[in-house]
Amino acid sequence: MNAPRAERRIDPTLFAIVGEGLFSRLAFGVLNFTLPLYARHLGLSLAQIGFLISLNSAVAIGLKPVLGWTADRFGPRRTLVVAVALRSLVSLLLVFSSAPWQLFAVRSLHGVSAALRDPAASVLLAERGGGKKVASAFAWYQTGKAVAGSLSKACAGILMGIIGARYPVLFLAGFVLSSLPLLVVLKYVEELPSEQRESKPAKELPAAPRTERAPVFAVAGFGVLVAGSAEMLAGLFPVLATEYAGLSTTQTGLVYACSTTVAVVAGPVFGWLSDNVSHKVVLAIRGGANTISSLLYIVSPTFAGVGIARCTDDLGTAAFRPAWGALMSSVARLDRSKRARTMSWLTMGEDAGGVLGPMLAGFLWNGWGVGALMGTRIALAAVSELYAFFVMRRAMPAPPEPARSACASPC
């Protein structure tokens, strides 16, 4: 009777990593809502804003293969501490940025922090999530980030409606919030002892045979497709809502608030489904959600239509993240001495989609309008679903395992 209770106890490190994601997104939710509007205020075009939003991911892509080894060499905890401190500096520098080139420079520094942080955080989540709960660990992590991001964007929109376009004040609020995760990481995040890390694989997700090479680049390509279709609207959404749909900044903030409810409920549910039912089913939900939301933006550019579309988008994101985390963990643990480097390649694929998506969105919107943008997004969602089937068969051969086992309970 005591063993199950011990297993249910919350791991302080896992709880702290979720808290780090939550507090960080509280800060950058404010910044991500404000930055596109501030860039527009400074005279940047839609294409330039798309490039600005993508720049941090572009820098991270270039540096992750180089910096990915740091978490393997110095440990994921130390690397995470440095990354969070650097990201707090980014928030502070935005307070003093008053020219377009300064925005691009600060956004580049943000990319450096992401190149350090993402592999380290992913390794810690994979370690602490365990074999049968890894998707749930990523789900709670992404849920915390989504909730904080949406709430902070909602607050940013409402606050901007009250105080007006006082961008330095909003950036300063982001800096204060971004300093909190550093304290959480320093106090609570710990790495597993080496002996525990070595004993974990037996209980983790089934992996491909040792003789089979890890399909790192195939999985990274899947990340490019999925993130590309998802991130096409992420950075441009405030502009889409205010200029295309005619919403006020307060209404746009309320849309973010509504989508928070979806993230709170759906994230843990999809994490459980991914761990206990099927990763493929969860990924299929993501593709359908992206398609439906794109159609809604076209046929119903109203407060209600945009709100439902945004909530549907968040539903798709909540479905993708747990399955993606489990997929990355399954590939990375094939060579435990290079876990962070493998994670860096996989998250680099996700970042590549984050770079190409907004750039492509700005280009399509400028050249052919919102209809072409949404049609392309629907096509990308369909292609990514086909590719997902191929990737899951290669990287996570979990379904065949039970069929070969004659017993019902030993696993």
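Scan the range 69-77 and give yes if some residue there is within 16 Å of the chain's Cα centre (by Cα) and without any contact (Cβ under 8 Å) to a residue 60 or more places away in the chain, otherwise no. Scanning the range 69-77 turns up no residue that is within 16 Å of the chain's Cα centre (by Cα) and without any contact (Cβ under 8 Å) to a residue 60 or more places away in the chain.
Let's see how each residue does on (1) assigned to a helix (DSSP H, G or I); (2) closer than 19 Å to ALA284 by Cβ; (3) modelled with pLDDT under 80:
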residue	(1), (2), (3)
LEU346	yes, no, no
GLY354	yes, no, yes
LEU364	yes, no, no
ALA372	yes, no, no
THR376	yes, no, no
ALA398	no, yes, yes
CYS411	no, no, yes
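The single residue among LEU283, LEU273 that is farther than 15 Å from VAL123 by Cα and modelled with pLDDT of 80 or more turns out to be LEU273. Looking only at the range 277-334, residues that are outside any helix (DSSP H, G or I) and polar (S, T, N, Q) come to 3 in all.
Scanning the range 270-287 for residues that are within 22 Å of ALA381 (Cβ to Cβ) and surrounded by fewer than 16 Cβ atoms within 10 Å (Cβ to Cβ) turns up VAL277, SER278, VAL281. When the range 159-189 is filtered for residues that are at pLDDT below 75 and in a helix (DSSP H, G or I), the ones remaining, listed by number, are LEU159, MET160, GLY161, ILE163.
A single member of ARG73, ARG107 is modelled with pLDDT of 85 or more and basic (Lys, Arg), and it is ARG107. Report, by residue number, each residue of the range 286-313 that is among the basic types (Lys, Arg) and either modelled with pLDDT of 80 or more or in contact with a strand residue (DSSP E or B) (Cβ under 6 Å, 6 or more places away or on another chain) (or both). The answer is ARG310, and nothing else.
The values are calculated or read from the model by the stated rules, or taken from the named source; none is laboratory data. Given the structure is predicted, the values throughout are model-derived calculations rather than measurements. Every residue, glycine among them, receives a Cβ derived from its backbone with ideal geometry; neighbour counts consider all protein chains shown.
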